[in-house]
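Note sheet for the following structure.
The values are calculated or read from the model by the stated rules, or taken from the named source; none is laboratory data. The shown structure was predicted, so the numbers you read here are calculated from the model rather than taken from an experiment. As a convention, Cβ positions derive from the backbone with ideal geometry for all residues, glycine included, and neighbour counts pool all protein chains shown. For accessibility, only protein heavy atoms count, side chains too; no ligands or nucleic acids. Shrake-Rupley method; radii C 1.70, N 1.55, O 1.52, S 1.80 Å.
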Amino acid sequence: MSSDGMYAVRRAGRDSFYAGRWSAPHIAHTLLRGPEHIDAYVGSLDPRKAPDMDICLCGAVFVDFDRRALLYWAGDLFGSGPLRGDFLRLSRMRWPQWRLREAALPLLEFAAALERTPPELERARADATLVDADDALFTASWLEHQADFACVADDQAAWVAAEGVEAVRAFAERGLDAWVTVRATDGTLYDQRCSSRGFGSLLRLGPRLVALAQIGGPRPEMLRAGLERDVRETLFVDVARRSVHWWQADPPWAHPGPGCAALWPGWTLELDEGGLRSHVERSGRAFAAIRMTREERLAALIDQVPRTLRGDFAALPRLAGASVPVAAPSFPRMS
């Protein structure tokens with residue numbers, strides 16, 4: 001059985017490792033307390049001779065005091081996806097003059113940072129196998145919604161007439177966390193949403209994903225205010241360039257991405273660290289079209305921060321300012 005969370009601390013070239021069965025849910029709280037509290041926290045965990053790299057790990061933190069660098073990852077870090085930038089801003093206030101990075105390929109990045117080659121790396125690559133999906137991957141929610149309203153077709157028609165098809169379809173697609181955009185060779189954009197749960201990454205569908213995303217035609221009116229609240233995985237597929245840019249807000253510990261290149265022969269796969277903003281702007285559209293309002297963002301923060309801080313120390317200053325979007329940090333990606 002894997003421990004729930006792993007901590008590593010480096011001082012004077014020496015690494016110390018710790019594990020805690022229920023430590024992963026406390027990572028956001030622990031990091032917002034700042035570096036001066038790390039020693040006290042890891043002292044409450046179980047010391048280990050080596051870092052826990054188990055496939056089932058739920059959270060990990062590497063505090064490198066020598067380089068003043070912090071690498072962190074947790075499956076559910078800080079509420080909804082749009083708040084991740086705010087969490088980084090708040091964390092930088094608590095870790096001044098440190099380089100902070102949230103791992104996008106957790107197992108790979110922690111192994112590189114700790115200069116380890118755990119067997120789990122090879123296992124993760126082996127698990128990057130091709131998976132199949134139903135033809136209705138992107139249309140199932142909408143079709144089910146239409147079927148549910150078949151007995152009140154007049155009401156459905158009135159709803160569509162009043163608000164538009166995409167507004168009604170957005171209601172049907174609540175909870176879908178993945179957004180795929182395919183740019184066809186003629187430049188047409190096909191935007192689709194689905195649930196990525198159970199796949200680990202939609203990259204595992206291989207090039208068939210391109211055909212699935214084109215079923216039902218393009219959706220030029222899909223973008224709407226607040227859509228950023230729902231999306232946690234994106235794939236932008238450029239057919240002419242044979243390229244795939246992908247991103248996940250909540251990547252699994254053993255992300256299959258590094259092993260998925262073999263599933264896309266003749267294609268180039270690239271992690272898009274610009275995230276959701278980059279996904280939208282890559283197609284020539286404005287990020288403002290899908291953003292939450294400032295009021296919605298601040299309300300989400302006011303709800304999330306007290307739950308994360310748990311009242312054991314004063315709220316961080318300038319909280320309102322944290323609702324202003326923060327650009328993604330430009331750090332070299334570990335390979």
query: In whole angstrom, how far apart do the alpha carbon centroids of region 136-185 and region 204-232 sit?
result: 12
statement: Accessible-area order for W159, W179, largest to smallest, probe 1.4 angstrom, reads W159, W179
- request: Note the listed values (1) 67, 46, 36; (2) 92, 67, 31; (3) 66, 58, 34, then indicate which one is Cα extents along the principal axes in Å calculated from this particular structure.
  value: (1)
message: Cut-off 10 angstrom, C-alpha nodes, Gaussian network model of the chain. Which of H26, H245, H255 fluctuates the most?
response: H26
message: Relative contact order for the chain: what percent, with Cα pairs under 8 Å and sequence separation of 6 or more?
response: 18
field: Overall form of region 209-251 per C-alpha gyration tensor (a/c, 1.5; a/b vs b/c)
entry: oblate
query: What value, in deg cm²/dmol to 500, does the helix sum -39500 (n - 2.57) over DSSP H runs of n ≥ 4 give at 222 nm once divided by the residues of the chain?
result: -8000 deg cm²/dmol
- prompt: By how many degrees, 0 to 90 and rounded to 10, does the Cα axis of helix 294-309 deviate from the longest principal axis of the chain?
  reply: 40
- prompt: Under the classification rounded if a/c is under 1.5, otherwise prolate if a/b is larger than b/c and oblate if not, where does region 1-105 fall, given a ≥ b ≥ c as square roots of the Cα gyration tensor eigenvalues?
  reply: oblate
- line: For E144 and S195, extending 7 Å from Cα along the Cα-Cβ vector and measuring point to point gives, in nm, a value of 0.6
message: Defining a contact as two alpha carbons under 8 Å apart and six or more residues distant in sequence, what relative contact order in percent does region 1-60 show?
response: 48
message: Defining a contact as two alpha carbons under 8 Å apart and six or more residues distant in sequence, what relative contact order in percent does region 113-221 show?
response: 29
